[in-house]
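Right, one structure below, let's go through it.
The values are calculated or read from the model by the stated rules, or taken from the named source; none is laboratory data. Quantities reported herein were computed from a predicted structural model and do not represent experimental measurements. Positions of Cβ are backbone-derived with ideal geometry, glycine not excepted, and every protein chain shown enters the neighbour counts.
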Amino acid sequence: MLKNLKIQNKLFVGFGVITLLVIVLGISNYLFTDNINDKKVDLLTAYEAADAIMESKFYIKAEAQVLMEILASDNLQEVDVFWNSHTFNKKRIGVNLDNAIKLLADKNWGHEHIAEKEIFLNQIKQVQEAYFNKVDGMFNKMYELIKNTGELESIHEQLAAIDITLDANISEVEQVMNKTEYDLNDLIVTNAQKAINNTISSVKTSNLGLMFFCLFFALLLSISIARIIVNPIKGLKTNIEHLGEGDLKFSFRYDSEDEVGVMAKSLTQMTNKLNEIIGGIMEGSIGIQSASNQINSGSQQISQSSSEAAASVEEISASVEQMASNIQQNNDNAKETEKIAVQSAETINRGNESVQVMLKSMSEIAERIGIINDIALQTNILALNAAVEAARAGEHGKGFAVVAAEVRKLAELSKNAATQIDELSINGVKISEEAGKNLNEIVPQIKKTAALVQEISAASMEQSSGAEQINESIQQLNQVTQQNASASEELAATAEELNSQAEQLREMISFFKM
């Protein structure tokens, strides 16, 4: 069953069983300890009850002393002092008896002595009843007698009788309490001590036996698990030593499902795979020798072809360099043409702007000529008015009439000149507008020409870049061709070396026995 378990699980089982035995040992010790603790509780509680009884005895004896002091008193003041002592004793006796009754009535301890506890409880209750009914009653009777009489000599005989009765009652109570205390100590305390000693002895014996059993079982289990784990590993070690000597004719056999069994199966698979690989290597080494001879022959042919290709590549490289130079010249011419076209467009734009300024100036001249024409008309009218006034003036207005006539002539001349200038300015405006229109039509054509020249320049740059790349590629091809020639020579040498290595490989593989 353990054989097919994983090594980890085998160890878990072994340590689990040992742990279980330790737990059993611990539980056993716990139960024994719990039993001792119960006995300890019984012992302590019994001691506490006995202590309460013993303290009650002390105060009952003190009551006898108080009785003697009262009887020996000479005055009522001393009686009151001792009566206070009696009151204190009575209180302490009541408290201790109540405590003893409470402890004896507690059912949480002394389970083996329930009947005896009941007897002790009844005895303490009898003591309690006897004290408070008889002793305390006689004290009260004596105190009332003293208080009612007011002096002690006349009731001396009565006090003596009470003293006898009280002594008898106190002695009776003390006897019962002594017996109860003794029986309690003898029965419960002594038995508890014996039980504790017996329990301790049993614990020692049981623990010793259980410990030896656990040790023996753990040792037996450890040896069994060790054999289950180690023996297969020894077998694997022997097979691996054969494998180290190159013996591939064997197979690992182990019928378990644990890690060692899995390892044996894996080693068997590895051995089979090694057989296949080494057989393939031996066949491959023969093929490598044949291939190396073919590579040697082919590399020589490649070397010759590479030399011829290198010469052709150099011629192509020279042609490409010439083509790149022509493309660069075209690119430079295109850039110069583009520059001239741009300058022409700028010049025409400036001329167009000048024409527009001239048109604006001619328009202003036309406006001014209109004003001059209006002035000439007004002057002519004024001259006519002056002539009329001169005619009215008669002889005195002749000179003024001559001046008015001359002014009128000048106004006519100014009007005619203004009319001619207006016609000329109108013709100039028409001509300027026509020139501006023509310039506006020429500018887009020049811009289009500049754009085409830019495209030509860009194409030339691309061609130049392509030519440079082609030239670089050809240079690289030239280098590669030369490298191929060199590599072919190295390949031939490598083929010779490969042939030698294949022969050495065959000799090394012959170490394995298949």
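Those residues that are more than 47 Å from the chain's Cα centre (by Cα) and at pLDDT 75 or above, I need them from region 216-237; list them, please.
Listed by number, the residues that qualify are F216, F217, L220.
Among the candidates A383, A376, A393, A401, single out the residue that is more than 30 Å from L452 (Cα to Cα), modelled with pLDDT of 75 or more and either in the same structural domain as A451 (by TED's automatic domain parsing) or surrounded by 12 or more Cβ atoms within 10 Å (Cβ to Cβ) (or both).
Answer to the selection: A393.
What are the residues in region 44-85 that are of a type in the set (K, R) and surrounded by fewer than 16 Cβ atoms within 10 Å (Cβ to Cβ), if any?
K61
Which one of these is over 17 Å from E69 (Cβ atoms) and either modelled with pLDDT under 80 or assigned to a helix (DSSP H, G or I) (or both): I170, I101, I162?
I101 is the lone residue from the list that is over 17 Å from E69 (Cβ atoms) and either modelled with pLDDT under 80 or assigned to a helix (DSSP H, G or I) (or both).
Take the residues in region 425-448 that are at pLDDT below 75 and either among the hydrophobic types (A, V, I, L, M, F, W, C) or under 60 Å from the mean Cα position of the chain (by Cα) (or both); name whichever of them is farthest from V357 (Cα to Cα).
The qualifying residue farthest from V357 (Cα to Cα) is I446.
Applying the selection to region 336-352, what residues are charged (D, E, K, R) and at pLDDT below 75?
Matches in region 336-352: E338 only.
State which residue is farthest from L424 (Cα to Cα) when the search covers only region 360-379 and only residues that are out of contact with any Ser or Thr (no Cβ under 9 Å at 6 or more places or on another chain) and among the polar types (S, T, N, Q).
Ranking the qualifying residues of region 360-379, first place goes to Q378.
Does any residue of region 77-96 turn out to be part of a helix (DSSP H, G or I), at pLDDT below 75 and in contact with a helix residue (DSSP H, G or I) (Cβ under 6 Å, 6 or more places away or on another chain)?
No: zero hits.
Within region 44-61, track down each residue that is in contact with a Leu (Cβ under 6 Å, 6 or more places away or on another chain) and either outside any helix (DSSP H, G or I) or over 13 Å from K102 (Cα atoms) (or both).
S56, the sole residue that qualifies.
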